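Nothing in this text is a laboratory measurement; each read-out follows from the coordinates by a stated rule. Small disclaimer: the values here were computed from a predicted structure and weren't measured. Glycine gets a Cβ as well: all are built from the backbone with ideal geometry, and neighbour counts include every protein chain shown.
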Amino acid sequence: MLIKKPADIRESEVTPKDWYLRRREFIRVAGSIAAAAATVAVTPSLLTAAEATQNPNAYRFPDLKKGSPYDTTEKLNSYNDITTYNNFYEFGLDKADPARYAHTLQPRPWSIVVEGECNKPGRYDIEDFTKGIALEERIYRMRCVEAWSMVIPWVGFPLSEAIKKFEPTAKAKYVEFKTLVDFRQMPAQSEPNLQWPYREGLRMDEAMHPLTLMAVGLYGEVLPNQNGAPIRLVVPWKYGFKGIKSIVSMRFVESEPLNTWKQTRASEYGFYANVNPEVDHPRWSQKTERRIGELFRRKTLPFNGYAEHVASLYAGMDLRKFY
Amino acid sequence: MTQTQLVRRVLKPAVFLACLVPAGRLLYNALWGSLGVNPLETLTNETGIWTLRLLVATIAITPIRWLTKWNAIITFRRMIGLFAFFYGCVHFFIYFLFDRSLMLDGLWEDIVLRPYITVGFTALALMVPLAITSTKGWIRRLGGQRWNLLHKLVYASAVLGVLHYWWKVKLDVSNPMIYAAIVGVLLGWRLVKAITKRNEARRRSARASAFSEG
């Protein structure tokens, strides 16, 4: 007996020939429609994010020196961008956590312990630490190791000005910084996400470089808690994690200090952490970055665009090895 | 209304709409500018996590059916699986368009060099044949047994999806661990069942041969 086997594919399921011949055109058109739809969907949220809303209660610094030759002329990120998207694990791992929870931090009174290889160690009240140093605005790019970036108008002073006051000795080859440890003020320190206190360090020539800033404010106002009040480091040619926040200790040392992220995962984060599109993070590329507020990625620049000022500090060093 | 009618006319549309809720919320928030400071990151993360959630839901259907003896639940499996594929495609497309500007060489470099993208891309690629052969016509054409075998690929997709999430996280892997545990239980249950079934079959055939010899 012959049993008629049904055709494998029904006539109705076969793509008509002229559609099939125009398949490439179809894919192109469909692709551009989807791209346009996605762009339309995302653009309004980007525009909203760009509106600056500063804190009306914050102290505004009078007589700020503006227009540094180091300033970038790129478009600033909004106050909202800069103060609600932060990595500050002392207040939680989510980038929205610091803005939510950092109100428990008390930035005054505040003192900084200066110790190690210097002639004037001691515990300095923050007002004494900064006494006699003029504050200025510095508009810097900030590139996070997670491959996003912002443009931030900091208020601060060159770290070199503070260092000079404490007269480091010839043995001072590095400077190490520590963040406050106090889980009543920094609640997420009760969890062992990182080993507290957060530590960072710079080589002495990096610390003395005129680009290296101690920031005490942004957008002309006193630094919000979530951005590292009352005083933090800003090293614009390095990944953001070098910019240690809420500093309580500064120690001059002879050998390279161990910074927290290197301590946590040395295969992924080094001591130098210079922004370098040629050296990828083991898990993701560093060639491009997403500037907050932009749709598409842009190219990451060597030393975050500050190569002309700082590349000479690393002459002869293998930056693949010293990442 | 019979149970079949209830499932087909009420529950199925309800599950369909529920699966669309995350996409609807994201679209709404995108239009109103409430996706946060980094809207593309939010879109990527949310579509990724919903892909994984729906994949987990898909492979949870059979164990739930066995536990509750509610056979009609199987009606939802294809739909939820296809929604997982839908969210996976949106997730991939956002990355390909905004992170890689639709450049194939950039995509290829990521697939080759970045393990978390290698496994994520593979997880999605494995879902393509499953989505294509999800129709009744394809079940008939392949035959139930072969179709079933092919659709075991969804287990690989789920495992690779969890790995993709795990390897992307910067520090705190507690959320990926939760997904790994759930997928582990769902796949472990199948393994235990398969072994039990094989042993039973063996015992039965041993008994049968003993009987015929006796």
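Okay, here's what the table says:
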read-out: Given charges at beta-carbon only (K, R positive; D, E negative), |dipole| of chain B in Debye; value: 1500
read-out: Point-charge dipole on Cβ atoms (K/R +1, D/E -1) for the stretch A:43-314, about Cα centre, debye to 20; value: 200
read-out: Residue A:108/residue B:104 FRET efficiency (R0 60 Å; Cβ-Cβ; nearest 0.05); value: 0.60
read-out: Proximal aspartates and glutamates to residue A:299, defined as alpha-carbon separation beneath 12 angstrom and excluding residues fewer than eight positions away on the same chain; value: A:278, A:289, B:99
read-out: Spatially proximal lysines relative to residue B:12 (Cα-Cα < 20 Å; intrachain offsets below 8 disregarded); value: B:69, B:136
read-out: Residue order, fewest to most surrounding Cβ atoms within 10 angstrom, among A:200, A:289; value: A:289, A:200
read-out: Residue pairs, from the table A:66/A:287; A:242/A:321; A:65/A:131; A:178/A:287; A:95/A:242; A:321/B:170, whose Cα atoms sit over 24 Å apart; value: A:66/A:287; A:178/A:287
read-out: Virtual spin-label span in nm between residue B:208 and residue A:71, 7 Å along Cα→Cβ; value: 8.8
read-out: Amide H partners (placed H, <5 Å) of residue A:148, local residues excluded; value: A:290
read-out: Top positive-direction residue, dipole computed over the stretch A:43-314 with Cβ charges, set A:166, A:302, A:119; value: A:302
read-out: Net dipole in debye of the protein assembly as shown [+1 Lys, Arg Cβ; -1 Asp, Glu Cβ; about Cα centre; nearest 20]; value: 3500
read-out: Selection from A:312, A:179, A:288, by position along the positive dipole direction of the stretch A:43-314 (Cβ); value: A:288
read-out: Least to most buried among A:103, B:164, A:309, A:209 (fewest other Cβ within 10 Å first); value: A:103, A:309, A:209, B:164
read-out: Euclidean distance of C-alpha centroids, the stretch A:63-141 and the stretch A:209-266, integer Å; value: 8
read-out: Computed lengthening from residue B:156 to residue B:177, 0.36 nm per intervening residue step minus Cα-Cα distance; value: 5.9 nm
